[in-house]
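All remarks here apply to the structure that follows.
The values are calculated or read from the model by the stated rules, or taken from the named source; none is laboratory data. Just so we're clear, the structure is a prediction, and the values are computed from it rather than from any experiment. Neighbour counts are summed over all protein chains in view; Cβ atoms, including those assigned to glycine, are modelled from backbone coordinates with ideal geometry. Side chains are part of the model used for accessible areas, which takes the heavy atoms of the whole protein and leaves out ligands, DNA and RNA. Shrake-Rupley method; radii C 1.70, N 1.55, O 1.52, S 1.80 Å.
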Amino acid sequence: MTELVVFGAGGRAGRRAVAEARRRGFGVTAVVRDPARHPGLAADGVRVVAGDVTDAARVAELATGHEAVVSAAAEYGPGTDPDAFFADSTRALLAAARASGVRRLLVVGLGALLPDAAGRPLLDSPAIPPEALPFCRAHGAGLEILRTEGADVDWLYLSPSGLFDEDGERSGRYRVAAHGDPADRISYQDLAVALLDEIAEPRHRGIHLAVTGR
């Protein structure tokens, strides 16, 4: 049985990754900061544990014995420090991958970090609200750490090419997008399908891969 550890397992993307992994018969360790806040996460084959993805020692401990690591963890909002979060969590994940020998590291990312069809950064477009820019740039700094410091790790940064379809369901279908497009939509469930496909049969490595449902 493939064993998978998911950080940020209580969030919208993380929960769907856990569910898709169980659908395929994978064993899952679901990591959240406070398990008591996620009573519905535990299920047959899912072990729910406490952990902080910025704690390098804890991340390495939890990654040991798993074939793949998924991080859907994020930090956003008043009183948070996204810059420190994404830098620390990315370095912790890379260090854990090296120390534990996991064969695959996947990070759920942002379509805002993609170029548009003309090659212009979506971050420079009016489609990105100004108040979201610090979070997006912090996420982007984490991606740059993967690119510059992760050459020895089999990583993939996977994002929607546009936005998540909050009301979407699992169709089991998606396609790889050539660029970002704010009009694109994909459900959290179908992004999870793409994540698990890349674990079951890796096809893309060391890149920002964007997918869309339409």
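Filter segment 154-170 down to residues that are over 16 Å from the mean Cα position of the chain (by Cα) and part of a loop (DSSP other than H, G, I, E, B) and give me whichever is nearest to Ser125 (Cα to Cα). Applying the filter and picking the extreme gives Glu166.
Filter segment 52-71 down to the residues that are in contact (Cβ under 8 Å) with a residue 24 or more places away in the chain, out of contact with any strand residue (DSSP E or B) (no Cβ under 7 Å at 6 or more places or on another chain) and open to solvent by less than 60 Å² (accessible area, probe 1.4 Å) and list them by number. Passing the criteria: Thr54, Ala56, Val59, Ala60. With respect to Thr54, is the statement that it is modelled with pLDDT of 95 or more, among the β-branched types (Val, Ile, Thr) and part of a loop (DSSP other than H, G, I, E, B) true? In short, yes.
For Ala74, the criteria (1) free of Cβ contacts under 8 Å to residues at least 60 places away in the same chain; (2) surrounded by 15 or more Cβ atoms within 10 Å (Cβ to Cβ) hold in every case but one, which is (1). The residues on offer are Arg205, Arg173, and the sole one that is under 26 Å from Arg98 (Cβ atoms) and assigned to a loop (DSSP other than H, G, I, E, B) is Arg205.
Every residue, every condition in (1) part of a loop (DSSP other than H, G, I, E, B); (2) touching a helix residue (DSSP H, G or I) at 6+ places or on another chain (Cβ under 8 Å); (3) surrounded by fewer than 19 Cβ atoms within 10 Å (Cβ to Cβ), yes or no:
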{"residue": "Leu93", "(1), (2), (3)": "no, yes, no"}
{"residue": "Gly119", "(1), (2), (3)": "yes, no, yes"}
{"residue": "Glu131", "(1), (2), (3)": "no, no, yes"}
{"residue": "Pro134", "(1), (2), (3)": "no, yes, yes"}
{"residue": "Gly142", "(1), (2), (3)": "no, yes, no"}
{"residue": "Leu146", "(1), (2), (3)": "no, yes, no"}
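Taking the criterion of being buried (at least 18 other Cβ atoms within 10 Å of the Cβ), within 13 Å of Leu93 (Cα to Cα) and of a type outside the set (Val, Ile, Thr), the residues of segment 148-169 that qualify are Gly150, Trp155, Leu156, Tyr157.
Scanning segment 1-31 for residues that are part of a strand (DSSP E or B) and open to solvent by 10 Å² or more (accessible area, probe 1.4 Å) returns a single hit, Glu3. Given the condition in contact with a His (Cβ under 9 Å, 6 or more places away or on another chain), touching a residue at least 40 places away in the same chain (Cβ under 8 Å) and not hydrophobic (A, V, I, L, M, F, W, C), answer yes or no: does some residue in segment 89-108 qualify? So far as segment 89-108 goes, yes, one or more of its residues are in contact with a His (Cβ under 9 Å, 6 or more places away or on another chain), touching a residue at least 40 places away in the same chain (Cβ under 8 Å) and not hydrophobic (A, V, I, L, M, F, W, C).
A Cβ distance below 6 Å, combined with a sequence gap of six or more or placement on separate chains, defines the contacts here; from segment 1-25, residues that are touching a residue at least 60 places away in the same chain (Cβ under 8 Å) reach residues that are buried (at least 18 other Cβ atoms within 10 Å of the Cβ) and among the aromatic types (Phe, Trp, Tyr) in the pairs Thr2/Phe26; Leu4/Phe26; Arg12/Tyr188; Ala13/Tyr188; Arg16/Tyr188.
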